[in-house]
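This report refers to the structure that appears directly beneath it.
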Amino acid sequence: MLTEILGTTIGAVAGVLVTMVITTFRPPSEAILKGRPLAELENYPVAVGTDGKIRLDMAEMIAACNYLVSNREPRAAIDLLYLAEHNRDVISPPAALALDRVRRVYRRRYRRLVEPQQLGEQREHILRQFGKITDALGGTFSGLPIEFVLHDTRDPLNSIYTIKNSITGRREGDPVSVFGEDVVRAYGRRWSGPQVAYRLRQPTTGQIIKATTIPLEDKTLGLVAFLCVNIDVGRMSPESSELRDLAQQMVATPAGWGPQVFAVPD
């Protein structure tokens, strides 16, 4: 029961906050860049290595550059330049030359979006607003096995922008999981909008996780982040010896009384 109450509460709070942010930063008069996102290209340069880890494939990156020079898809081009800028230390010299060609092609019309300095600043500028939501939700449910994770969907190698109440052992700056990368590629093709209350098994610990994934979009760039809520179902089940303590954590208000908003009748 506690798990269901928490799931409903978190979903409602996150939904309202995210709707407010998207409404504020995405006026109806402004359209997302034309073309597909990078993750939908055939030559998407993010791959899974033989060790099961996410990596950049330089051959695919060069192929993606060649495609984007010949075919105008600004959304994918800017995603690619962003990905490369945030992983400069692993970009090969031939890939760097190919990326420079992409930048030259798109610079005239999209200068503020393709220059290295602006690409470097995009992550903090865009994700800071969503990070505040993640931090607030994490603080509200502090002490509970409820993990809040904000993922940068355009940089899978450094995906986790912020994480609160970690139940999976992950940290800020960690890469996306293989499952998470599949979700990024599926978004917009097989599903859109929040995916609420589905079940996962954590591969390293075997934990059963109740998960919700909320896509976050920028008015120009489209999908930029996922806000994920993960609940350790085992620790929240009626059979759990921790349930009473967790319920006490749920109702605790360490910040004390806030300012009185509503008038109290005499």
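Details
- With the whole protein complex present, Met61 retains an accessible surface near 0 Å², based on a 1.4 Å probe.
- Solvent-accessible area, 1.4 Å probe, carbon plus sulfur percent, for region 153-221: 49 percent
- Region 189-232: C-alpha gyration tensor shape, a/c 1.5 cut-off, then a/b vs b/c: prolate
- Computed E for Asn71/Thr50 - FRET, C-beta separation, R0 30 angstrom, nearest 0.05: 0.45
- Normalised contact order of region 56-112, rounded percent, pairs of Cα under 8 Å and 6 or more residues apart: 51 percent
- Gyration tensor verdict on region 73-204 (Cα atoms; rounded if a/c is under 1.5, prolate if a/b is larger than b/c, oblate otherwise): prolate
- For the residues Arg235, Arg112, a 1.4 Å probe over the protein chains yields an accessible-area ranking, largest first, of Arg112, Arg235.
The values are calculated or read from the model by the stated rules, or taken from the named source; none is laboratory data. These numbers come from a predicted model, not from an experiment. A quick note on method: Cβ atoms are made from the backbone with ideal geometry, for glycine too, and the neighbour counts reach across all protein chains shown. Calculation scope for accessible area: heavy atoms of the full protein, side chains included, ligands and nucleic acids excluded. Shrake-Rupley method; radii C 1.70, N 1.55, O 1.52, S 1.80 Å.
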